[in-house]
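Notes follow the structure.
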Ligand SMILES: [Fe+2]
């Protein structure tokens, strides 16, 4: 009898129409939403945007640290100067973000001092070991420049998305700060793109000297 009952129940379950399943999912979602709001976790657009802005600030915080070490590392004078200029711009970006976070949070939200992880791909250990042994200082310069480009491009994506979100959230007071930060990231990324061919040409003799070429390859290069 018990088994029969089970069978009946399972048959009823299988026979449940799709629309009724959808209704029950909707009810569950509504119930979850209600429980979130009961716990006081409802969040205003400004509060949500403040979280995003703090994330952007943590990226600029690590950006400052990275730019400082890149300025020390590079031997190419015009790269050093451009990185120095962007360091000053990045400090301005930090200040604007901090001010905006304070304004939107009514002075109650702390601007983060924490640093994000750099968005730089790390090669597998096996390759990094070999590359580390054969890399010339010129190639290290190129590696740094490549990483500069990746960092700036990722910041462009970040600000581009944030501006769209701020528009949709109708937090208009954030737009001018985000737009200024975006335009500085764009001009830095453009500078890297324009300067890269010339930099590679400048570094090439050192890289060329580090590899042994066959006679045929040398003739092709002449
Ligand atoms: Fe930047």
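Things to note:
- Number of positions in the stretch 103-134 that are within 30 Å of residue 205 (Cβ to Cβ) and surrounded by 15 or more Cβ atoms within 10 Å (Cβ to Cβ): 0
- Being modelled with pLDDT of 95 or more, surrounded by fewer than 19 Cβ atoms within 10 Å (Cβ to Cβ), closer than 26 Å to residue 190 by Cβ and within 11 Å of the ligand (Cβ to nearest atom) holds for only one residue in 76, 71, 62, and it is 62.
- Note on the stretch 172-189: residues that are at pLDDT below 95 and crowded, with 20+ Cβ neighbours inside 10 Å amount to 0.
- For the stretch 146-170, the candidate set comprises residues that are more than 17 Å from the chain's Cα centre (by Cα) and surrounded by 14 or more Cβ atoms within 10 Å (Cβ to Cβ); within that set, the residue that is farthest from the ligand (Cβ to nearest atom) is 169.
- Matching option when the condition is part of a helix (DSSP H, G or I), surrounded by 15 or more Cβ atoms within 10 Å (Cβ to Cβ) and without any contact (Cβ under 8 Å) to a residue 40 or more places away in the chain, among 94, 81: 94
- Count of the stretch 171-186 residues, restricted to those that are touching a residue at least 24 places away in the same chain (Cβ under 8 Å) and more than 15 Å from the ligand (Cβ to nearest atom), is 3.
- From 110, 189, residue being closer than 17 Å to residue 54 by Cβ and either within 12 Å of the ligand (Cβ to nearest atom) or under 23 Å from the mean Cα position of the chain (by Cα) (or both): 110
- Hey, residue 100 touching a helix residue (DSSP H, G or I) at 6+ places or on another chain (Cβ under 7 Å), surrounded by 12 or more Cβ atoms within 10 Å (Cβ to Cβ) and on the phi < 0 side of the Ramachandran plot or not: yes
The values are calculated or read from the model by the stated rules, or taken from the named source; none is laboratory data. Because the structure is predicted, anything quoted here is derived from the model rather than measured. Note that each Cβ is placed from the backbone with ideal geometry, even for glycine, and that neighbours are counted across all protein chains shown.
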